[in-house]
Amino acid sequence: MIRLYGRRVLLRPLVPADFAAWSEVRIRNEAWLLPWEQARVPGMPDPTRDRESFTVRCSARDRERQLGAGYGFGIFVDNAFAGEINLNSVQRGSFQNAYVGYWIDEAWAGRSYMPESVAVVTRFAFDDLRLHRLQIAIIPRNRNSRRVMEKLRYREEGIALRYLEINGVWEDHVRYAITAEEWDERRTEITAAWL
């Protein structure tokens, strides 16, 4: 199992045994998280409340990892589940790109665990997976997520209009990125500050 370490965070793939902790955090944080996520599909099992659906979700992430198509990680602080961070839609060939998505339990927010987790995933993406580019897309009014990018000083590339469907609405997103060249230039700085 992949385990990635920051100064204070451990990132590892979620497993079926994590259901109780993951479910408790997701349910407790619905009002905090759902405004920034895609709407749940009616009639589909909800992994926050259905252990079998969560197990299927873990298996799907395992398959993505085996195929090199995605890497999902739980964020753990002091052995407690605190959130998730993912490298999604890993593309090889001439693009060598992945998209980063993340969320954190409101109880852990504001303590810089998420910038640290993004730095850990960035190091993994460039140093281990040898990707060339990471992209992060954030709804402009999501100040907390944008603050993560500000702390890390990832490059803002502009606004993508009606980029992703969030809660049934096609939302504009601010796009951020970092390339392998930027990582090479900033590795020492980011490592010293976050890792």
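The values are calculated or read from the model by the stated rules, or taken from the named source; none is laboratory data. Model, not experiment: these values are computed from the prediction. Note that we place each Cβ from the backbone using ideal geometry, even for glycine, and neighbour counts take in every protein chain shown. The accessibility values were calculated without ligands, DNA or RNA, using every heavy atom of the protein model including side chains. Shrake-Rupley method; radii C 1.70, N 1.55, O 1.52, S 1.80 Å.
The table below gives the values:
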read-out	value
Cα centre as origin, Lys/Arg/Asp/Glu Cβ charges: region 71-159 dipole, Debye	360 debye
Alpha carbon centroid spacing (whole Å) that separates region 144-180 from region 13-27	27 Å
Convex hull projection area averaged over all views, region 35-128, Cα basis, nm²	7.7 nm²
Calculated from backbone phi, Karplus (6.51, -1.76, 1.60) coupling profile of region 127-144 in Hz, x at Gly/Pro	7, 9, 7, 6, 6, 9, 8, 10, 10, 10, 10, 9, 4, x, 7, 7, 4, 5
Span per principal axis, largest first, for the Cα atoms of the chain (Å)	46, 37, 36
Computed [θ] at 222 nm, deg cm²/dmol, the chain (DSSP H ≥ 4; -39,500 (n - 2.57); rounded to nearest 500)	-10500 deg cm²/dmol
Student exercise, the chain dipole from Lys, Arg, Asp, Glu Cβ charges, in Debye to nearest 20	180 debye
Exposure ranking of Ser117, Ser112, Ser89 by accessible area [1.4 Å probe, largest first]	Ser89, Ser112, Ser117
Selection from Ile136, Leu152, Thr188 lying farthest towards where the dipole of the chain points positive, charges on Cβ	Thr188
With eigenvalues of the C-alpha gyration tensor scaled by 5 and rooted, region 16-58, Å	17, 14, 7
Evaluated over region 134-195, the Cα radius of gyration and Dmax, each in Å	13.3, 41
Ratio of Rg to Rh over region 79-192 (Cα coordinates, Kirkwood Rh, two decimals)	0.95
Whole-Hz couplings from phi, Karplus 6.51/-1.76/1.60, listed for region 157-174; x for Gly and Pro	9, x, 9, 9, 6, 6, 7, 9, 8, 10, 6, x, 10, 6, 9, 5, 9, 7
